[in-house]
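J.: Have a look at this one.
The values are calculated or read from the model by the stated rules, or taken from the named source; none is laboratory data. The structure displayed is predicted, hence computed values, not measured ones. Using ideal geometry, Cβ is built from the backbone for each residue, glycine included, and neighbour counts are taken over all protein chains shown. Areas reflect the complete protein model, heavy atoms only, side chains present, ligands, DNA and RNA absent. Shrake-Rupley method; radii C 1.70, N 1.55, O 1.52, S 1.80 Å.
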Amino acid sequence: MTMVNKPMLGDLMRDHGVSRRGFLKYCATLASAMALPPMMAPRIAHALENAPRPSVIWLSFQECTGCTEAITRSHSPSIEDLIFNAISLDYHHTLQAASGDAAEHAREEAMKEHWGKYVLIVDGSIPLENPEYSCIAGISNLDMLKETAEGAAAIVSVGTCAAFGGIPHADPNPTGAVAVSDIIKDKPIINVPGCPPIPIVMTGVLAHFLTFGLPELDELNRPKAFYGETIHDRCYRRPFYDKGLFAETFDDQGAREGWCLYKLGCKGPTTKSVCATVKWNDHTSFPIEAGHPCLGCTEPDFWDNGGFYKPLSAPAGDYRKLAQAAVGAGAALGVGSAVLNRMGKSKAAANHETVDAHDLEKKS
């Protein structure tokens, strides 16, 4: 890859035939996704239009390529794709055309030309038990991370593997896999967990960095705009939870009527993400809407926190134990409400009426 003068994002939009109205609509959507007021959309648009294309180096270590697959499957054609393509992606060994010495030369040149300014994106964990477990071009993941991080302005750890160690870190962790933040201590690190993360969350973090700099982060270095609330807080099945209406199996009447999946192991009450609002595939759906409980993949050690289909009230990990009292109390309140509605529910069943949580709310 050769280094060339990089046009501003506004110029790139016009070259791609993107209308001003379409771009402002995207900025409004982005402001909403980042929990910003609507009046911030013009500011986002102005900042992005006048932002130079940042140099981005993407390193993939112990991972499944799922994060790359996700971000390349943003609904197309889309402004999200444009934002991703508008950055100068100077190194990504899955997407780049160059290979071998040419590929490594591109990374070295990007580092040299943009020292102190480029964004480093990492997906995948780093093996410490034996660095040779995972290498690129004969360079261990550990050495490549340290070398490339040295000149980065900031690091974005994309996916749960890079953010928390992920599946490679799962017990018994044969490679000694660790997260980026376990190794790099002197750079700003933004964790964007998920297995994989939602595409607009990944591109939204990059857009926020271009527009406002580093986003506000939580205690796990996750952007609060995307990880500030639990999935349970915004889940459309929440009214059923509050009424104590739970699917007991994947094919019972409750499952068919869309009742809460808490008893089937849903980790939504302890999992922070925007899955329930942003969703996947052009805002089409997310796992709970498809009938499967949340696995908690944006949280640390989700793979080792017990069976995926065991309810949270069955202790199976530290973070569950912390949430157990609150979740159990909520379930108890829900069961109490269910008792109050049992008679109305029985009558509806006898009359072959369809009852949802909102109907029950009116009758209580």
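J.: Of all residues in region 233-242 being out of contact with any strand residue (DSSP E or B) (no Cβ under 6 Å at 6 or more places or on another chain) and in a loop (DSSP other than H, G, I, E, B), which is farthest from residue 159 (Cα to Cα)?
T.: Only one residue fits best here, namely 236.
J.: If you take the residues in region 107-148 that are touching a residue at least 12 places away in the same chain (Cβ under 8 Å) and of a type in the set (Lys, Arg), which one is most open to solvent (accessible area, probe 1.4 Å)?
T.: It comes out as 117.
J.: Something else now. Here's a check for you: in region 171-182, which residue that is open to solvent by 10 Å² or more (accessible area, probe 1.4 Å) and touching a helix residue (DSSP H, G or I) at 6+ places or on another chain (Cβ under 6 Å) is farthest from residue 305 (Cα to Cα)?
T.: Per the criteria, the residue is 175.
J.: Moving on to the next point. Take the residues in region 135-168 that are assigned to a loop (DSSP other than H, G, I, E, B) and at pLDDT 95 or above; name whichever of them is farthest from residue 62 (Cα to Cα).
T.: We begin by selecting, within region 135-168, every residue assigned to a loop (DSSP other than H, G, I, E, B); these are 137-138, 150-151, 165-166.
Now restrict to residues that are at pLDDT 95 or above: 150-151, 165-166.
On the way: 150: 20, 151: 22, 165: 9, 166: 9 Å.
Across region 135-168, the extreme among qualifying residues is 151.
J.: Across region 243-281, which residue is nearest to residue 307 (Cα to Cα) among those that are surrounded by fewer than 21 Cβ atoms within 10 Å (Cβ to Cβ) and touching a strand residue (DSSP E or B) at 6+ places or on another chain (Cβ under 7 Å)?
T.: Filtering first and then ranking leaves 263.
J.: Continuing with this model, one more query. Exactly one condition in (1) over 16 Å from residue 265 (Cα atoms); (2) at pLDDT below 90 is not met by residue 305; state its number.
T.: (1)
J.: Examine region 233-242 for a residue that is surrounded by 17 or more Cβ atoms within 10 Å (Cβ to Cβ) and closer than 15 Å to residue 310 by Cβ, and state whether such a residue exists.
T.: No, that holds for no residue.
J.: A further question on this structure: Filter region 246-278 for residues that are in contact with a Cys (Cβ under 9 Å, 6 or more places away or on another chain) and part of a loop (DSSP other than H, G, I, E, B) and give the result.
T.: 247, 261, 265, 266, 267, 271, 273
J.: Identify the single condition in (1) in contact with a Phe, Trp or Tyr (Cβ under 7 Å, 6 or more places away or on another chain); (2) at pLDDT below 90; (3) surrounded by fewer than 21 Cβ atoms within 10 Å (Cβ to Cβ) that residue 55 does not satisfy, given that it satisfies every other one.
T.: Going through the list (1) in contact with a Phe, Trp or Tyr (Cβ under 7 Å, 6 or more places away or on another chain); (2) at pLDDT below 90; (3) surrounded by fewer than 21 Cβ atoms within 10 Å (Cβ to Cβ), residue 55 breaks only (3).
J.: Here's another thing I want to ask about it. Any residue that is assigned to a loop (DSSP other than H, G, I, E, B), under 21 Å from residue 130 (Cα atoms) and hydrophobic (A, V, I, L, M, F, W, C) - is there at least one of those in region 207-219?
T.: Going through region 207-219, the residues assigned to a loop (DSSP other than H, G, I, E, B) turn out to be 213-216, 218-219.
If we keep only those that are under 21 Å from residue 130 (Cα atoms) as well, we get none.
Checked against the condition, which is being assigned to a loop (DSSP other than H, G, I, E, B), under 21 Å from residue 130 (Cα atoms) and hydrophobic (A, V, I, L, M, F, W, C), region 207-219 yields no hits at all.
J.: Now, a different point. Report yes if residue 284 is closer than 28 Å to residue 218 by Cα and touching a strand residue (DSSP E or B) at 6+ places or on another chain (Cβ under 8 Å), otherwise no.
T.: So residue 284 does not fit the description; no.
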